[in-house]
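Asks: One structure, pasted below without further comment.
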Amino acid sequence: MTTTEAISLREKLLSATEEILGRDVTRNEKLFAICELLEDEVPTFNWVGFYLADPDGKKELVLGPFVGASTDHNRIPFGKGICGQVAVSHETFVAQDVHSQENYLSCSIDVQSEIVVPIMVGNEFVAQLDIDSHTKDSITEEQQETLEEICDLLADEF
């Protein structure tokens, strides 16, 4: 992908995200629409979903809207796996080869790379965007920056 194509995709994704966030629908419907958008527009994104901080204050992630194969990971304790790690660190984590990560929780034998981006409201962790790819080394710096911007936009929904 050329730099011009990456900028164009970034602008398309951000514009579409803003349009989705402006809809008069529930937060989960907006989150699902963003999952569909990302999975449709980025060929290497094979599973796109959100994990939300447990509303009861438990230190667990609860699976929210997603697109892709179903997962057994409906609840993940903070600190466990890459998703749980991001819930604690509040920092984006990219694994270009998930099999080289000691703390990777396998969802599918097809997953080769993963990015997890936290959604923060001020200093409070509220959710995260989790994306799996069946292609090793597929998460680009431009994709990471775009996903972080999308998550910044999403903070107003929490």
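Asks: Of the lysine pairs in the chain, how many meet both conditions: Cα atoms under 30 Å apart, and a spacing of 8 or more in sequence or different chains?
Replies: 9
Asks: Let me ask something additional. Quote the convex hull volume per residue of the chain, based on C-alpha atoms, as a whole number of Å³.
Replies: Details: hull volume 16.3 nm³, N = 158.
It comes to 103 Å³ per residue, whole-number rounded.
Asks: Keeping all protein chains in place, calculate the accessible area per residue for the chain (probe 1.4 angstrom), answer in Å². Numbers along the way, then the final one.
Replies: Values: 8150 Å² over 158 residues.
Heavy-atom accessible area per residue stands at 52 Å².
Asks: For the range 38-100, rounded, prolate or oblate, judged on the Cα gyration tensor with a ≥ b ≥ c (square roots of eigenvalues), a/c < 1.5 rounded, else prolate if a/b > b/c? Before the final figure, lay out the partial values.
Replies: Numbers: a/c = 2.00, a/b = 1.36, b/c = 1.47.
It comes out oblate by the Cα gyration axes.
Asks: Sticking with this one: How high is the relative contact order of the chain? Use alpha-carbon pairs under 8 Å, at least six apart in sequence, and give a whole percent. Intermediate results must be reported in sequence, preceding the final value.
Replies: On the way: 275 pairs, mean separation 33.6, N = 158.
About 21 percent, as a whole number.
Asks: How much length, in nm to one decimal, is gained on full extension between Val126 and Glu29, taken as 0.36 nm per residue of separation minus their Cα-Cα distance? Each step should come with its number before you reach the end.
Replies: Details: separation 97, 0.36 × 97 = 34.92 nm, distance 1.71 nm.
Full extension from Val126 to Glu29 adds 33.2 nm.
Asks: Next question, about the same structure. Around Ile119, which amide H atoms from residues at least 5 apart in sequence, or from another chain, sit under 5 Å from its own amide H, with H modelled in the peptide plane?
Replies: For Ile119, whose amide H was placed from the backbone, the distant partners under 5 Å are Val126, Ala127, Gln128, Leu129.
Asks: Give me the percent of the accessible area of the chain that comes from carbon and sulfur atoms, probe 1.4 Å, all protein chains in place.
Replies: Numbers: 3720 of 8150 Å².
Carbon and sulfur: 46 percent of the exposed surface of the chain.
Asks: Okay, next question. Hey, how many Å between the Cα centroid of the range 39-106 and the Cα centroid of the range 116-158?
Replies: The two parts, judged by their Cα centres, are 11 Å apart.
Asks: I would also like to ask the following. Picking from His73, Pro118, Ile139, whose Cα lies most toward the positive end of the charge dipole for the chain (charges on Cβ: Lys, Arg +1; Asp, Glu -1)?
Replies: Ranked along the dipole, the leading option is His73.
Asks: Next question. Run the quick spin-label model on Glu36 and His134: label points 7 Å from Cα toward the beta carbon, then report their separation in nm to one decimal.
Replies: Label-label distance for Glu36 and His134, simple model: 2.2 nm.
The values are calculated or read from the model by the stated rules, or taken from the named source; none is laboratory data. Since this is a predicted model, take the numbers as computed values, not measurements. Backbone-built Cβ (ideal geometry, glycine too); neighbour counts: all protein chains shown. All accessible areas refer to the heavy atoms of the entire protein, side chains included, with ligands and DNA or RNA removed. Shrake-Rupley method; radii C 1.70, N 1.55, O 1.52, S 1.80 Å.
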